[in-house]
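Read through the structure below, which is laid out as structure tokens, and then see the notes.
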Amino acid sequence: MTPKANSTSPPFRIGYGWDSHEFKAGILLKIGGIEIDYPKGLGGHSDGDLLLHAITDALLGAVGAPDIGTLFSPSDPRWKGADSAVFLEEAQHRVKAAGYEIANVDSTLILAQPKIGPHAARIREHLSQVLGISPGQIGIKAKTPEGMGTDNAAIAHAAVLLQNHSSPKPRGSKKKTR
Ligand code: MG
């Protein structure tokens, strides 16, 4: 377990996460906690929300916690069809317990379809509520997988920066309201 941060702890910690899921017909598509109208969804043991999985792993990695697959094993029936918000909440709990708060999150989605642009603002707003930071502290970027041969998959990368509670707040941050 990461020792609780104090004024002598590192002022910042960085985290990085990555995930991919395969498209399957006839299931709900969820990206960043948002349902997107599309004929296919992302298969997986949970709800297949790869962006939440990547952010969860980034948060866990930043505080040296076990990764998402270790904490929420795909072979555990408890997580069958689980809302990935549960995984993110556990990661947030561990970040808080370690004495850190989120300074910002950046992410890149790589998928051929559907286009993320029209949904990016809604994803940012939702993540802002869930993570207790402002939309301006969240980056959502999307690219198509040129030359990668992964048109039937979606890939997400996420990086987070955590700030020691006892360090000065970044400008523009807001307190968690829920
Ligand atoms: Mg996953």
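Taken together, the values in this text are just the output of simple stated rules run on the coordinates, not laboratory data. No experiment lies behind these values; they were computed from the predicted model shown. Here the Cβ is made from the backbone with ideal geometry for all residues, glycine too, and neighbour counts use every protein chain on show.
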Open item on the list: For Asp49, what residues show an amide H to amide H distance below 5 Å, using hydrogens built from the backbone and excluding near sequence neighbours?
Closed with: Ser84
TODO: State the antiparallel share, in %, of DSSP beta bridges confined to the chain, rounding to the nearest 5.
DONE: 80
Task: Rounded to whole Hz, the Karplus (6.51, -1.76, 1.60) HN-Hα couplings of region 105-118, x for glycine and proline - done: 10, 10, 8, 9, 9, 10, 7, 6, 8, x, 5, 8, x, x
Open item on the list: Using amide H atoms built in the peptide plane, which far-off residues or other-chain residues are under 5 Å from Ile31 H to H?
Closed with: Ile36
- [ ] Quote to one decimal, in nm, the extra length available between Phe12 and Lys24 on full extension: 0.36 nm per residue of separation minus the C-alpha distance between them.
- [x] 0.4 nm
Task: For Tyr100, Tyr38, order by how many other beta-carbon atoms lie within 10 Å, fewest first - done: Tyr38, Tyr100
Task: Translational diffusion coefficient (Stokes-Einstein; Kirkwood radius from C-alpha pairs) of the chain at 37 °C, 0.692 mPa s, in µm²/s - done: 198
Task: Least to most buried among Trp79, Trp18 (fewest other Cβ within 10 Å first) - done: Trp18, Trp79
Task: Spin-label model distance (nm) - Ala85 vs Ala112, 7 Å beyond Cα toward Cβ - done: 3.2
Open item on the list: If I model region 52-110 as equal point scatterers sitting on the Cα atoms and use the Debye formula, what is log10 I(q)/I(0) at q = 0.13 Å⁻¹?
Closed with: -0.33
TODO: Quote the Stokes-Einstein diffusion coefficient, in whole µm² s⁻¹, for region 37-141, based on the Kirkwood radius over alpha carbon pairs, a temperature of 20 °C and a viscosity of 1.002 mPa s.
DONE: 147
TODO: Report the trypsin sites (Lys or Arg not before Pro) located in region 32-87 that are in a DSSP loop and have at most 14 other Cβ atoms inside 10 Å of their Cβ, or state none.
DONE: Lys80
